[in-house]
Amino acid sequence: MRIDIISAVPSLLESPFNDSILKRAKENNLVEIGIHNIRDYSQNKHRTIDDYAFGGGAGMVLEIEPIDRCISQLKEQRDYDEVIYMSPDGELFDQPMANQLSLKKNLIILCGHYKGVDERVRQHLITKEISIGNFVLSGGELAAAVVSDAIIRLLPGVLNDETSALSDSFQDGLVAPPVYTRPAEYKGWKVPEVLLSGNFKKIDAWRMEQSIARTKERRPEMEE
């Protein structure tokens, strides 16, 4: 898989892709990450990429020209399955969407900034809009990193235990059950006996019960 991220502040993306699981995925050639500075596609001497909104109002708007130029150059190199725009009013990102996107080969992710992008970008260049929640960030970079992380960890070979991703929260419409590790008792706080029993049928049943109960308690909207 290849993910190309277009950003007005590319330095915000350096850390997420250079540590831990995402770093190993890149080093093992399981994913390619391209980060592109919109300013590199500006054709004026000041490398500006934003301007005032027609009709007035507070805030600046990302211009269509450098974005179009960047996307066009990327598309000359390969075909893309989706051109995604990170936006507060996009489709809410969830695990099924992550699963679906993990099956794609090439993705472009455009990060919003300032008051957003010229609407013509969304109308003519974008194929999918995604939001990670009903709140506003300073830019789409952190949201793009979140989406990329959720996708990349699903790729074959990225996790040491490939069954781990399949047992994550939300994969089966439930949140994950409680997990414990050694010691079996700490300050009088004990691990549930069933997890120490070695009876995996009972353990599986206990985990399912805990997932159902925890989902009802913490995320009741998932049962609707």
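Dividing the helix sum by the residues of the chain, where each DSSP H run of 4 or more adds -39500 (n - 2.57), gives a mean residue ellipticity at 222 nm of -9000 deg cm²/dmol. For the range 79-136 versus the range 11-68, the spacing of their alpha-carbon centroids is 14 Å. The antiparallel fraction among DSSP beta bridges confined to the chain stands at about 20%.
When TYR180, TYR186 are sorted by how many other C-beta atoms sit within 10 angstrom of their C-beta, beginning with the fewest, the order is TYR186, TYR180. Only one of (1) 17.5; (2) 20.0; (3) 18.7 was calculated from the structure for Kirkwood radius over Cα pairs in Å, and its label is (2).
Highest-first packing order for the peptide set 8-17, 140-149, 26-35 is 140-149, 8-17, 26-35, based on the mean count of other beta carbon atoms within 10 Å. The C-alpha atoms of the chain define a longest principal axis, and helix 141-152 lies at about 50 degrees to it. When you filter the trypsin sites (Lys or Arg not before Pro) in the range 34-66 for DSSP loop state and at most 14 other Cβ atoms inside 10 Å of their Cβ, you are left with LYS45, ARG47. For the peptides 54-60, 197-203, the ranking by packing is 197-203, 54-60, with the highest mean count of neighbouring Cβ atoms within 10 Å listed first. The value of relative contact order for the chain, using C-alpha pairs under 8 Å at least six residues apart, is 21 percent.
Bear in mind that the values in this text are calculations on the coordinates, not laboratory data. No experiment lies behind these values; they were computed from the predicted model shown. No Cβ is skipped: glycine too gets one built from the backbone with ideal geometry, and neighbour counts run over all protein chains shown.
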